[in-house]
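Q: One structure is given below, represented as structure tokens, and several questions about it will come after.
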């Protein structure tokens, strides 16, 4: 391409891009020229046209959605998961700039580690007055039970992160250190996967440094701390409601860790165990995403339901690697930031390479004077608060917004409790172009950069997570929890990068061949069982509604054919479906019935309607996201996607139900064909078979046997709902009689939709469990009974009913027995000292 | 005075408990005026593991794990302690309270540095209300800190009603302050919150009262259960105990078990059990002069 043309086009795209005085712009130098490392990207933007850019933007959004990348934002009403907000344009750093940041991050990680080692160890900094005792003492997450506890290898910081931005003078400045349980590296990786595809050419031409080696180094390093040398690791997550649950599932999968919640773990004699199907399994690496304070209800926050009682005791015993060890938050927060330059000199004998924001701790008279003098260009913060500025939950106040009365109150509070306050000078974040409606617009940006410990020193993830502020000015919010968007961060090395390397694929070391070996936490199996049940129930419900709808005309008047009869039989006694549908059917009112069918399909207020059942599919699948393949997950997303608008007429509804039935079939097919036959699949199939077996007997008893003028239509419908119409037609052509229909629905083991087929399969599954459950005998007895049943006898009064009850009873009994044995790890409770409380 | 302290806690569970873990603060610690001759803690059924350690505040703590199913758990702590009279501090000669606060900005010596531990909000004492206005009525400018603390104790005793029915173990200090009522634990928390609000360190003390007072002395409130009070940092005397429930400076009738930032640090028994469903707890506390107690049983 003609270089002149290229730069001319580039100028076009930049024509509207404002230069911001007094701010650092990552893309534009002070003279307005484009920084060289942004060239490849801008050339690409100039080369492609508007529609192409829009196309890529949409592709990025689609991929984010298809991969199920979400971030639950607390601000949202209901706190629902929402798609991860990723700006298509990356944030680009050149190699030199990056080298400065990298060296500074490594130093800060070392410093944080050294400070923690002292605070929880010999406390020399406190004895010598280098650090006022107020700093640990006042920090709400200074965990006294951890004093004197030396983590494995003596390493207090295994994973470190810092938030930083670039000041107007081009100095990268740290806004906050993150040591507690830094989040974001999984999102950074996901961003990279998506954005490097959207801009493959500039990614290659800019020689962007790849990320995977960092994760490998981190994983290898953690293994060196374990006596076994091989991590039997878990990722401890607060659970599916946490805002970053996607990342927990993603990282667990990427790093080969079991995703667990507090209830999945137990501590015996200082060792941590994972509760699995086969019993307790040692876990010697816990990647911790539950904050320290919540990690042990026995010794830390007593009302925490997220933790593991005894985890502190396990930390004391020193046989489990916690990443990070407990209690690191004490080095986070503005007060500590004020002391870091001095601590760096004391502990490392070095000057702090990356400065922090200028901070005045108000615990001394000198600090208070400096703080009040700087008030106009500062924020007043809790000295120990590490919540991002102006994020939800932050109580930071801008100095310039405080009037005389406020300032008087502040000065008095400083006198009384100065140690709890810090005044921090405002740092205007640097700017970078974001894509807004097809145009480049400067937006405030902060980076989160990650480091991991290795025996040879800390290594830094070459890239990170850029967060794009929503507003600008002093109150620019850069917190993901408050709705900031994100960007991929590219380090343009200027040198060609080696072959693509990923943790998920090539690894040099030859592996021992293993089959099985996956030990899912019992909780995961519970969710898989319910995923199977909900998915099957959704299909049955869709087929049933569809069968009724097909028999209702659009203009269904009082005489709506057999539909009310069918609906009455299927929904009336099935009280859990819909009472209104039942009433409409009872009254024989076709129009009302049509409305109810629409509601039963789409109304989320119907407790047992289709929409809620699909929500159950989504919820349980989300809870075991790490155990499902991407294709599997995508098919669940497709199945459970909420419609923008509900169906308004029966034709529309029927079409949607058709689609839904196809999608449930696709999901079932994926499970059957693509899941390894291990415990995950077994429990998913348990759920599916239980639900299908009960469904088959339900349809048989409600629709087959009663000899009246609609008997044939009902039998046809039963076969249709049970997806057995084709088989029946092959065998019996057009003649419908109860005995052969019942045989096909209930007794014929060769029919994969029959009750007998489910029972036979479940009996085999039970045999695969390592221990024998009592219910296995019931299942075998039921199978024998089904095999011995003469179809002709089922047509006698009470015949179908008796058998249906036996099948449903045994199958539900199985569901309960599995729950009792494997999933209900009897609730944990706290006990106090006195009936009501201490007396006195 | 020498006493026998007996503290029995019995749990009955509706269903078997599969595993239980407890953290006990039941063994009295030695203090300048308290000597501990010995403590014996008997646990039935026998635990799988017992580990004794000092906690971060120097209290004697015990970690107990039971891994055999049980429907009953009894913990009986018996101690023999000797109480000396409290030292006769002259409140008027303690340091003016503002000077106490100022001195702690750069604490001189380990005791003052340790007092800083008790200057800040803690899990159960983090009032949203500004209690400094209430506190300052007891602390006019330059008042000696102990005189102010004693005045504050008296005001809490007068302003707050002792009532065992209006709060529970999780009632926040703000709520206690609003309703002006509670039990010893609440009143101690109020005292602590007030002192910390004006920059004076305060800690929570858990202990017991002599069950039957000597002849001619009134029986104190809270004598048949665990008791609690607070202590204020009052240089040059150091920590001074104050019992707002009874408006007294604890003397020979108060037995100290442990101290911390608030009740949560020193709860006599903190436990997590797996299973058990509902449970009932019975608690009995008896503090008697050793001579009487040893003849009676």
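Coordinate-derived values only; no laboratory data. The model shown is predicted, which means the values in this text are computed figures rather than measured ones. Neighbour counts are summed over all protein chains in view; Cβ atoms, including those assigned to glycine, are modelled from backbone coordinates with ideal geometry.
Q: In what order do A:87, A:805, A:169 fall by count of nearby beta-carbon atoms within 10 Å, going from fewest to most? Each step should come with its number before you reach the end.
A: On the way: A:87 24, A:805 13, A:169 7.
So the ranking, lowest neighbour count to highest, is A:169, A:805, A:87.
Q: Shape call for chain A from the C-alpha gyration tensor, a ≥ b ≥ c root eigenvalues: rounded (a/c under 1.5), prolate (a/b greater than b/c) or oblate? Walk me through the numbers before you get to the answer.
A: Working: a/c = 2.20, a/b = 1.71, b/c = 1.28.
It is prolate, given that a/c is not under 1.5 and a/b is the larger ratio.
Q: In square nanometres and to one decimal, what's the mean projected area of the convex hull around the Cα atoms of segment A:361-425?
A: On the way: hull surface 15.7 nm².
Projected area, direction-averaged: 3.9 nm².
Q: While we're here: Between the alpha-carbon centers of segment B:226-254 and segment B:12-79, tell me the distance in whole angstrom.
A: 26
Q: Once both axes come from the Cα atoms, what is the angle between helix B:145-159 and the longest principal axis of chain B, in degrees from 0 to 90, rounded to 10?
A: That works out to roughly 60 degrees.
Q: Averaging sequence separations of C-alpha pairs under 8 Å and six or more residues apart, then dividing by the length of segment B:91-263, give the relative contact order as a whole percent.
A: On the way: 319 pairs, mean separation 46.0, N = 173.
Value for segment B:91-263: 27 percent.
Q: Express as a percent, rounded to the nearest 5, the fraction of DSSP beta bridges in chain A (both residues included) that run antiparallel. Can you show the working numbers first?
A: Numbers: 53 of 70 bridges.
Expressed as a percentage, antiparallel bridges in chain A total about 75.
Q: On a 0 to 90 degree scale, rounded to 10, what angle separates helix A:404-417 from the longest Cα axis of chain A?
A: 90
Q: Oh, and also: Arrange B:118, A:203 by Cβ neighbour counts within 10 Å, fewest through most, would you?
A: On the way: B:118 26, A:203 23.
Listed from fewest to most nearby Cβ atoms, that is A:203, B:118.
Q: Using a Förster radius of 35 Å, what is the FRET efficiency between residue A:706 and residue A:787 based on their Cβ-Cβ separation? Nearest 0.05, please. Could the numbers behind the result be given before it?
A: On the way: r = 26 Å, r/R0 = 0.75.
Once the sixth-power term is evaluated, E becomes 0.85.
Q: Quote the relative contact order of chain A in percent (integer), defining contacts as alpha-carbon pairs under 8 Å separated by 6+ residues.
A: Numbers: 1484 pairs, mean separation 108.9, N = 840.
Relative CO of chain A lands at 13 percent.
Q: Please find, in a Gaussian network model of chain B (springs between Cα atoms separated by less than 10 Å), the residue of B:195, B:242, B:220 whose mean-square fluctuation is greatest.
A: Judging by the Gaussian network model, the answer is B:220.
Q: Take the alpha-carbon centre of segment A:626-654, take the same for segment A:140-192, and report the distance between them in whole Å.
A: 39
Q: Additional query: Give the calculated FRET efficiency between residue A:415 and residue A:774 to the nearest 0.05, with a Förster radius of 60 Å applied to their Cβ-Cβ distance.
A: It comes out at approximately 0.25.
Q: Grab the DSSP H runs of chain B that are 4 residues or longer, score each as -39,500 (n - 2.57), total them, divide by all residues and round the 222 nm result to the nearest 500 deg cm²/dmol.
A: Calculated at 222 nm, the ellipticity per residue is -6000 deg cm²/dmol.
Q: Next question. Report the extension gain between residue A:655 and residue A:369 in nm, rounded to one decimal, defined as 0.36 nm multiplied by the number of residues separating them, less their alpha carbon distance. Provide the component values of the computation, followed by the final result.
A: Values: separation 286, 0.36 × 286 = 102.96 nm, distance 7.26 nm.
Result for the pair: 95.7 nm of gain on full extension.
Q: For the residues A:64, A:721, A:690, what sequence is obtained by ranking on other C-beta atoms within 10 Å, fewest first? All intermediate terms of the calculation are to be shown ahead of the outcome.
A: Details: A:64 18, A:721 29, A:690 25.
Ascending number of Cβ neighbours within 10 Å: A:64, A:690, A:721.
Q: Under 1.5 on a/c is rounded, so check that first for segment A:677-826, then, if it is not, pick prolate when a/b is larger than b/c and oblate when it is not; a ≥ b ≥ c are the square roots of the alpha carbon gyration tensor eigenvalues.
A: prolate
Q: Sticking with this one: Relative contact order for chain B: what is it in percent, counting Cα pairs under 8 Å that are at least 6 residues apart?
A: Relative contact order, chain B: 29 percent.
Q: Once label points are set 7 Å from the Cα along Cα→Cβ at both residue A:201 and residue B:281, what is their separation, rounded to one decimal in nm?
A: About 7.1 nm, to one decimal.
Q: Using the Cα gyration tensor of chain B, with a ≥ b ≥ c the square roots of its eigenvalues, what is the shape: rounded (a/c below 1.5), prolate (a/b larger than b/c) or oblate (neither)? Before the final figure, lay out the partial values.
A: Working: a/c = 1.77, a/b = 1.52, b/c = 1.16.
Cα axes put chain B in the prolate bin.
Q: To the nearest Å, what is the center-to-center distance of segment B:177-194 and segment A:423-459, using C-alpha atoms only?
A: A separation of 47 Å, based on Cα centres.
Q: Still on this structure, please answer the following. Rounded to the nearest 500, what is chain A's calculated 222 nm mean residue ellipticity when only DSSP H runs of at least 4 contribute -39500 (n - 2.57) each, over all residues?
A: On the way: 29 runs with 367 residues, N = 840.
Value at 222 nm, helices only: -14000 deg cm²/dmol.
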